[in-house]
Amino acid sequence: MSGKQRLVSGMRPTGRLHLGHLVGALENWVPLQDKYDAYYFVADWHALTSEYAATEKLVEHAYDNVADWIGAGLDPERCTFFVQSLVPEHAELYLLLQMVTPIPWLERVPTYKEQIAQLNERDLSSIGFLGYPLLQTADVAIYDAAVVPVGEDQVPHLELSREVVRRFNNFYGDVLVEPQPLLTPTPRLPGLDNRKMSKSYGNTIDLSDPVDVVEKKVRQMYTDPKRVRADIPGTVEGNPVFIYHDAFNPNREEVEDLKTRYRAGKVGDVEVKRKLAAAINARLEPIRERRAAALAKPGYLREVLVEGSRRARVVAAETMERVRAAVRLRY
Ligand code: TRP
């Protein structure tokens, strides 16, 4: 085989992907596909842990997300794309991990109580939701993954994964690999309204938004509220319009010029936003093209996911053979 270390990461298909996913995950995943033996997957079971009551759009989102992965530059010829539920061995390892995992370890994971408080209109008192980080542990352990590229928020999940793997290995011998997080740089992008960026707030620019939608969304972006006229000096720091310029406008000179004039009250919001929309649209253009090409080939995405899941399943089945033997479940 390749001799490269194995890498696994996944995304829940809960909606369309936006600029936060692009800079926070996908643009980090792209170079890793060549450096590692990389497996990227649709975490559809993880989506169910909170979206169990509304599953009708799940598969549609999965395909749409994978089109965006390809749009962002991931290449299913250079890495493996798969679907979690098409590799049911994840569930078998998850079940065995449950035997050795104390419930308080899961209750202590910070995202657990946070999410329950945040999504308070939903009943998240299920075993499935409590077990979220343990299923994630199975996702990576089943591929002997050495590294898992994730954002800061996922570090406690990886910590739990390492603890569970150690405990499992204590009982059954050195059978699973302890995964390490690969902390990806995630520039903090606020939402268009300066709240936390979230699909549920409707304050995102999506990778699938056409040019005119991007222009309209940028025109409506939150900016310095004290600046009711163009000749009033404005604040650049913490201003979402300039945070986005810093993240998406490669023309540094233009950005510095806009900041200087903004602070001096010598530029209108219209110009600042027009240039921002142009920069974002330029960044999205190649993504749109690759995305459209992938969606234009009938059956292509399905084929990519089915073939990738078949490949992933070969590896997962080997691990499960080893795990069953270690647990002495051999008949
Ligand atoms: N919990 C991850 C997230 O919300 C998604 C995920 C599920 C994942 N399983 C994984 C990420 C395994 C990395 C590895 O972003």
List the number of the failed condition for Glu253; all other conditions in (1) without any contact (Cβ under 8 Å) to a residue 60 or more places away in the chain; (2) over 23 Å from the mean Cα position of the chain (by Cα); (3) surrounded by 13 or more Cβ atoms within 10 Å (Cβ to Cβ) hold.
(3)
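For segment 166-186, name all the residues that are within 13 Å of the ligand (Cβ to nearest atom) and among the β-branched types (Val, Ile, Thr). Walk me through it before giving the result.
Just the residues of segment 166-186 that are within 13 Å of the ligand (Cβ to nearest atom), to begin with: 179-184, 186.
Matches in segment 166-186: Thr184, Thr186.
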Which helices (runs of 4 or more DSSP H) sit wholly inside segment 1-113 and have at least 2 residues that are of a type in the set (Val, Ile, Thr) and more than 12 Å from the chain's Cα centre (by Cα)?
58-72
In segment 110-130, what residues are of a type in the set (Gly, Ala, Ser) and without any contact (Cβ under 8 Å) to a residue 60 or more places away in the chain?
Ala117, Ser125
Considering only residues that are part of a helix (DSSP H, G or I) and not small (Gly, Ala, Ser), look in segment 134-150 and name the one that is farthest from the ligand (Cβ to nearest atom).
Leu134
Within segment 166-179, considering residues that are surrounded by fewer than 18 Cβ atoms within 10 Å (Cβ to Cβ) and within 18 Å of Val109 (Cβ to Cβ), the one farthest from the chain's Cα centre (by Cα)
Arg167
Could we say that Val42 is away from the ligand (no atom under 14 Å from the Cβ) and either closer than 27 Å to Phe248 by Cβ or at pLDDT below 95 (or both) here?
no
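Could you tell me whether Tyr63 is closer than 23 Å to Ile205 by Cβ, within 12 Å of the ligand (Cβ to nearest atom) and of a type in the set (Ser, Thr, Tyr)?
Details: closer than 23 Å to Ile205 by Cβ: yes; within 12 Å of the ligand (Cβ to nearest atom): no; of a type in the set (Ser, Thr, Tyr): yes.
Against the criterion (closer than 23 Å to Ile205 by Cβ, within 12 Å of the ligand (Cβ to nearest atom) and of a type in the set (Ser, Thr, Tyr)), Tyr63 does not qualify.
Quick check: is even one residue across segment 178-198 part of a helix (DSSP H, G or I) and either modelled with pLDDT under 95 or not hydrophobic (A, V, I, L, M, F, W, C) (or both)? Break it down into steps so the answer makes sense when it comes.
Initial filter on segment 178-198 (part of a helix (DSSP H, G or I)): none.
No, segment 178-198 contains no residue that is part of a helix (DSSP H, G or I) and either modelled with pLDDT under 95 or not hydrophobic (A, V, I, L, M, F, W, C) (or both).
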Residues in segment 17-27: is at least one within 14 Å of the ligand (Cβ to nearest atom) and closer than 28 Å to Arg167 by Cβ?
no
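What about Asn120, is it outside the structural domain of Asp37 (by TED's automatic domain parsing) and in a loop (DSSP other than H, G, I, E, B)? Let's see the steps before the verdict.
Details: outside the structural domain of Asp37 (by TED's automatic domain parsing): no; in a loop (DSSP other than H, G, I, E, B): yes.
Judged against the criteria, Asn120 is not a match.
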Can you find a residue that is away from the ligand (no atom under 13 Å from the Cβ), open to solvent by 20 Å² or more (accessible area, probe 1.4 Å) and among the polar types (S, T, N, Q) anywhere in segment 151-165?
no
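The values are calculated or read from the model by the stated rules, or taken from the named source; none is laboratory data. Quick caveat, the model's predicted, so the values are computed rather than measured. Cβ coordinates were reconstructed from backbone atoms using ideal geometry, including for glycine residues, and neighbour counts include every protein chain displayed. Quick note on the areas: whole protein, heavy atoms, side chains included, nothing else; ligands and nucleic acids left out. Shrake-Rupley method; radii C 1.70, N 1.55, O 1.52, S 1.80 Å.
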